[in-house]
Amino acid sequence: PTKAGNVRVDGIYMDTIGVLAGRLRDRTAIRVGFAADAYPFQAPTGIVDHKFRTAPQQFGNSVAWHQQAYGGFITEWDFRVPVIGDRFSLTGGVALSNSKSADGSGSRGNGVTLRPIVRIPGFAEIAPFFSKGGFPLQRSHPLVVVRDENLPEMAPLRRYLGQSWAKGRTDNLNTGVTVKARISDSLSFRGGLFHVEGDRK
């Protein structure tokens, strides 16, 4: 569904390049077949249906550390702050990662997200968001080609055998604003304005 461009955020169409940061999303559902029943504007490939995190009712934050193989790790910090009751609140967080493979390849990643939520009780909710992240260092897997039935010796673990120039960088940016408003008892409005960038260097 993502490749086909069938991605929605809170029911609003969004033309994404990469995946939205987990610090923005509360949950994600893939609506296809029976799961898309009664869902408006269905698509044959299915729909990626993201739900943004709602305005928090009380302060909270969480820290997570994930240990990975070969010394890699992912660490995250999320926060939720009701600044002025249910009228103005903040959600967001930061993340760092360093993934490593047995052949010495791997990547380093980072991300920061901020989403203020402004509510006019009984009328509207306006929520801009900013999410920037990427992988400043990506080392590709080396490719070893053999010409006969003799296999090469096992490569040493955690040693990068590729060329120094065989590495890349990826930058992602997702910004925008969503608006939900109640016009009358039987009519409401939901819309958004988005800007998405994805650089592969």
| When the Kirkwood hydrodynamic radius is evaluated over all pairs of different C-alpha atoms of segment 32-144, what value in angstrom, to one decimal, is obtained? | 17.5 Å
| field | For segment 1-66, share of DSSP beta bridges that run antiparallel, in % to the nearest 5 | value | 75 percent
| request: Select from 163, 102, 33 the residue farthest towards the positive end of the dipole of segment 28-187; place +1 on Cβ of Lys and Arg, -1 on Cβ of Asp and Glu, and compute about the Cα centre. | output: 163
| task | Report the relative contact order of the chain, percent, no decimals, based on alpha-carbon pairs under 8 angstrom and at least 6 residues apart. | result | 16 percent
| Say each of residue 140 and residue 118 gets a label point 7 Å from the Cα, pointing the same way as Cα to Cβ; how far apart are those two points in nm? | 4.6 nm
| segment 87-129 pair-distance distribution - Cα-Cα, 5 Å bins, rounded % | 6, 17, 18, 11, 12, 8, 9, 7, 6, 4, 2, 1
| Paired Rg and Dmax values of segment 60-126, which use every Cα atom, in angstrom | 17.4, 57
| query | Using Cα pairs under 8 angstrom and six or more residues apart, how large is the relative contact order of segment 143-201, in percent? | reply | 32 percent
| query | Which GluC sites (Glu not before Pro) does segment 144-201 hold that lie in a coil by DSSP with at most 10 other beta carbons within 10 Å? | reply | 149, 153
| remark: Packing-ranked peptide list from 132-145, 84-97, highest mean Cβ count within 10 angstrom first, is 84-97, 132-145
| Spin-label model distance (nm) - residue 163 vs residue 65, 7 Å beyond Cα toward Cβ | 3.9 nm
| note | Mean Cβ-within-10 Å packing, highest first, puts peptides 98-107, 39-48 in the order 98-107, 39-48
| request: On a C-alpha basis, how far is the centre of segment 136-187 from the centre of segment 2-32 in Å? Whole number, if you could? | output: 20 Å
| query | What is the gain in length, in nm to one decimal, between residue 186 and residue 126 on full extension, counting 0.36 nm per residue of separation less the C-alpha to C-alpha distance? | reply | 19.6 nm
| task | Assign unit charges at the C-beta atoms only (+1 for Lys and Arg, -1 for Asp and Glu), then state the dipole size of segment 95-201 relative to its Cα centre in Debye, rounded to the nearest 20. | result | 340 debye
| What are the principal axis extents of the Cα atoms in the chain, in Å, biggest first? | 76, 40, 28
| remark: Computed about the Cα centre, the charge dipole of the chain from +1 Lys/Arg and -1 Asp/Glu charges at the Cβ has a magnitude in debye, to the nearest 20, of 360 debye
| remark: Farthest towards the positive end of the dipole of segment 127-201, among 135, 191, 150 and with Cβ unit charges of +1 on Lys and Arg and -1 on Asp and Glu, lies the Cα of 191
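No lab work stands behind these numbers, since they all come straight from the coordinates. All values reported here derive from a predicted model rather than from experimental measurement. Every residue, glycine as well, gets a Cβ built from its backbone with ideal geometry; the counts of neighbours run over all protein chains shown.
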